[in-house]
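Notes follow the structure.
The values are calculated or read from the model by the stated rules, or taken from the named source; none is laboratory data. Since this is a predicted model, take the numbers as computed values, not measurements. Using ideal geometry, Cβ is built from the backbone for each residue, glycine included, and neighbour counts are taken over all protein chains shown. With ligands, DNA and RNA removed, areas are computed over all heavy atoms of the protein, side chains included. Shrake-Rupley method; radii C 1.70, N 1.55, O 1.52, S 1.80 Å.
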Amino acid sequence: MESKETKLWRVPDEKAIDEAAKILKQGGLVAFPTETVYGLGASALDEEAATKIYLAKGRPSDNPLILHLARSEDADRYAVVNPCYEKLASLFMPGPLTVILPKREIVPRSVTGGLSTVALRVPAHTVAHRLIAAVGSAVAAPSANRSGRPSCTTAEHVLADMEGRIDGILDGGPSDFGLESTILLPEGEKAVKLLRPGAITVEMLEEAGFSVTLDKAVTERLSDGETPLAPGMKYRHYAPKASVILLSGSEEALSSFMISKKDLPDVAFLCYEEMKEMLTGANAISLGPQKNAALMAHRLFSALRELDEKPAIKTVYAPLPSRQDMGLALYNRLLKASGYTVIKL
Ligand code: TXA
Ligand code: MG
């Protein structure tokens, strides 16, 4: 890939956003902040621009992109809207939610990886909102990381992965949630299938009267030949250079296992705040208090990037988190980072 100059707008003011929108309209690529993670945007109606995203990310072209809209009402232009979408939109949009709908002709095949459906999301971030509104049509954007790396939660992460490969980066500071949006497939007026867990949780959906089924790929490794409903779920995302091994068992079993490994120079831990003291002297990164899954989710991708900067570390142990609330999203991302390697103690 030919190297190009990547412009970094440290202050994403009106002028910067207008400049970025102009680049998108001319077929360029610009990374922008959202409340979940940074996205790598291209004009969704420009077949060629969407193709450039796959090249810049090194992403397999069968993995479709999400269309980012300024308003949930804009969905009708790109997809066949149903009552389930309307209900979800009224409750959770703008917000960290992506909904799959049958696509309309206007959406190029390269954006949907050849699928007859399209993923739609309305980000709740002023910079993202103003950028999409300035472009005047949908912005296709996957997460702004190089394929196989953890998603980017700061402009620095985007720069590290994408400098020389894209036209610009709007810096909006650290992402609020730090994990990608919840992806839902409507299965009836008040029934959805969860394809990827995120900050709109199963509990929140059930509270709002939806029945929720989990796609198998959320909690289990698929066997060869099985295809997940969200094509991206089959890839081993978020894989740090070291092997990640998850630990499941009682508090005592976890403690004695971790203490037995803590002095090994090639071992690190992604642990709960409560375990820090026990692991004094070890390579241990605390994600946050065990009960605060949202905070742990927020820190996970930075922690995985930090581990990649320590070449001596060959193995990373982490406790398997609870699946409650935001815990399910953390559980899912850790499982994927580990390639589904869990030791039962
Ligand atoms: O929070 C987010 O969703 C971020 C920000 C930038 O909006 N975006 C993001 O995009 O995570 P990406 O490309 O990293 O993940 C999109 C996921 C992939 O797993 C993809 O397979 C799935 O959405 N997806 C896209 N279109 C789909 C479709 N038509 N049917 C099923 N899954 C789809
Ligand atoms: Mg991604």
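In the set 287, 270, which member is farther than 18 Å from residue 241 by Cα, modelled with pLDDT of 95 or more and assigned to a strand (DSSP E or B)?
Unique residue meeting the criteria: 287.
Mind checking which residues of the range 76-120 are away from ligand 1 (no atom under 13 Å from the Cβ), free of Cβ contacts under 8 Å to residues at least 60 places away in the same chain and open to solvent by less than 60 Å² (accessible area, probe 1.4 Å)?
81, 89
Considering the range 158-197 alone, what residues qualify as being more than 23 Å from residue 15 (Cβ to Cβ), open to solvent by less than 30 Å² (accessible area, probe 1.4 Å) and part of a helix (DSSP H, G or I)?
Result: 161, single match.
Which pairs have Cβ atoms under 6 Å, sit 6 or more apart or on different chains, and link a residue in the range 143-156 that is closer than 20 Å to residue 119 by Cα and open to solvent by 10 Å² or more (accessible area, probe 1.4 Å) to one that is outside any loop (DSSP other than H, G, I, E, B) and near ligand 1 (Cβ under 9 Å from one of its atoms)?
Qualifying pairs under 6 Å: 147/57.
Being modelled with pLDDT of 95 or more and open to solvent by 10 Å² or more (accessible area, probe 1.4 Å): is that true of residue 234 here? Explain how you work it out, then say what you get.
On the way: modelled with pLDDT of 95 or more: no; open to solvent by 10 Å² or more (accessible area, probe 1.4 Å): yes.
Against the criterion (modelled with pLDDT of 95 or more and open to solvent by 10 Å² or more (accessible area, probe 1.4 Å)), residue 234 does not qualify.
Based on this model, can you work out whether residue 224 counts as part of a loop (DSSP other than H, G, I, E, B), open to solvent by 60 Å² or more (accessible area, probe 1.4 Å), among the acidic types (Asp, Glu) and within 19 Å of residue 314 (Cα to Cα)?
no
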